[in-house]
Amino acid sequence: MDFQLAIIGGGPAGYSAAEAAGKAGLSVVLFEKNSLGGVCLNEGCIPTKTLLYSAKVLDGARNASKYAVKAEGVSFDLPKIVSRKQKVVRKLVLGIKNKMNESGVTVVSGEAYIQDKNTIKCGDDIYKCEKLILCTGSKTFIPPISGIDKVSYWTHREALDCKELPESLVIIGGGVIGMEFASYFCSLGVKVTVIEMTSEILGGIDKELASLLRAEYTKKGISFMLDAKVTEICNADSGKIIVKYQTADGDGCVESEKLLVSAGRHACTEGYGLENLSLEFTPQHRIIVDTKTMMTSVDGVYACGDITGFSMLAHTAVREAEVAVNHICGTDDNMSYKAIPGVVYTNPEVASVGMTEEMAKIVGFDYKVVKLPMAYAGRFVAENEGVNGVCKIITDSKSHIIGVHILGNPASELIVIAGMMIEEGRKLEDFKKYVFPHPTVGEIFREF
């Protein structure tokens, strides 16, 4: 079977590349060994946000009295929350299958194995291709902690399907995934402890906003252990799990009913014949690509998504896939990482794009910081009784926007505005040139 383009991996990068190439008239085969949509749709972005929205609605109902609304006896049905999550995933997976059919993409279910850059084997079948795009994604990293192989622990996958709440939960890792699950389980009444080995949660996010979010969740009852290295995990006689850790103040331990390991992700680079391509890798074993075209060191072979290591985010993967397909089709397009937004879907949300203040200091930028309380936007005040947030903008010496960081709902919807300003090289005063509908939270940008 001969195709102009073969794609390995049906996650956001893979199915986006397949759709774009199919619509461009190329003959495309897409290989996926599990379910279309990849980790993002089946056990990541979408199911997590579906659960988090149920938790957000629950939080809203419990705080209804702040808005002069009586909501007594508020409760939740955890199995139905999980069931709704599964329904949402099924619906979106079906949507992707339909897109593949409409784009004329041949979808092959099974493990693809690369024999050479023009030959893919799947089962007993051989597929020939002119171009190849690698979109194999990433997998959960399990740190080599003493005793971890002797206890029963969750990864994000098991946490997503939890239908019976534990009384207590320890989360190893205070990154985005760890904090989102901390938020979810905290809203459902679980006693949560987060153990993070660095000095602050949410590495890569503006430290000031990360600190403010941590303070907010401390008020909600989450315990944080920072600068804490987990040294050992073992089972207690009570049936609970003991997590031992070490800080500058000495050794400590915490006991809980369940343990969630959320210590990051590693690119999937083994098990499908990648060694037969003679690709160039970074010291972290991520595939080196031309960041303008997404082509690897091997002509005609492209890589998109988590395996490149630039940004383990679905929206980055989608854009990389578009750039790769455009290059294959001869369309002028370049990948830019200048304004990749990142969002933490806690309640309140945190969103960032561009440089943080810490990054600006490291590279020696001559920068300025301006920030305003979110209460400067009337809509925010109307919808967030007794709650505040902050919008922080970083500019260079000539007032060009180089970074924007927001704490407060709906930060996830606002950050794209800031990203476009950064990508287009706009100045702070340029916000005044645009007419924002009133009242909207986005009007905060015009206040600077």
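Points to keep in mind about this one:
- Whole-number percent relative contact order across segment 317-448, with pairs defined as alpha carbons under 8 Å at least 6 apart: 26 percent
- The HN-Hα couplings worked out from phi for segment 246-254 by the Karplus form 6.51 cos²θ - 1.76 cosθ + 1.60 (θ = phi - 60°) are 10, 10, 5, 8, x, 8, x, 8, 9 Hz, whole numbers, x standing for Gly and Pro.
- Amide hydrogen neighbours beyond the local backbone of residue 133, cut-off 5 Å, H modeled: 6, 7, 8, 302
- Candidate membrane-span-like segments in the chain, meaning DSSP H helices with Cα atoms spread over at least 24 Å of their own axis and a Kyte-Doolittle mean of -1.0 or above, are 45-62, 78-102, with no membrane implied.
- The relative contact order of the chain comes to 15 percent, based on Cα pairs under 8 Å that sit 6 or more residues apart.
- Relative contact order computed over segment 202-318 (Cα-Cα under 8 Å; 6+ residues apart), in percent: 12 percent
- Probe 1.4 Å, protein heavy atoms only - accessible area per residue of the chain in square angstrom: 47 Å²
- Length gained on full extension, residue 2 to residue 157, computed as 0.36 nm times the residue gap minus the Cα-Cα distance: 52.2 nm.
- Sequence-distant residues sharing a close amide H with residue 260 (under 5 Å, placed H): 154, 170, 171, 172
- Taking a straight line from the alpha carbon of residue 244, these lysines sit under 30 Å away, with near neighbours fewer than eight places off in the same chain left out: 139, 150, 163, 191, 207, 219, 220, 229, 258.
- Long-range HN-HN contacts of residue 409 with modeled amide H, under 5 Å: 349
- Rounded FRET efficiency, nearest 0.05, which uses the C-beta distance separating residue 124 from residue 447 and R0 of 60 Å: 0.40
- Heavy atoms of residue 150: accessible area, 1.4 Å probe, square angstrom to 10: 150 Å²
- Within the accessible area of segment 1-146, the carbon and sulfur atoms contribute 51%, probe 1.4 Å, all protein chains present.
- Taking a point 7 Å out from the Cα of residue 226 in the direction of its Cβ, the residues of segment 188-204 whose backbone N falls within less than 12 Å of it are 196-203.
- Within a Gaussian network of the chain (alpha carbon springs, distance under 10 Å), most fluctuating of 332, 124, 77: 124
- GNM top mover of 419, 137, 60 - the chain, alpha-carbon springs below 10 Å: 60
- Label-point gap, in nm, between residue 385 and residue 275 - each point 7 angstrom along Cα→Cβ: 6.4 nm
The values are calculated or read from the model by the stated rules, or taken from the named source; none is laboratory data. All values derive from a computational prediction rather than experimental measurement. Virtual Cβ from ideal backbone geometry, glycine too; neighbours counted across all protein chains shown. Surface accessibility is based on the protein's heavy atoms, side chains included, excluding ligands, DNA and RNA. Shrake-Rupley method; radii C 1.70, N 1.55, O 1.52, S 1.80 Å.
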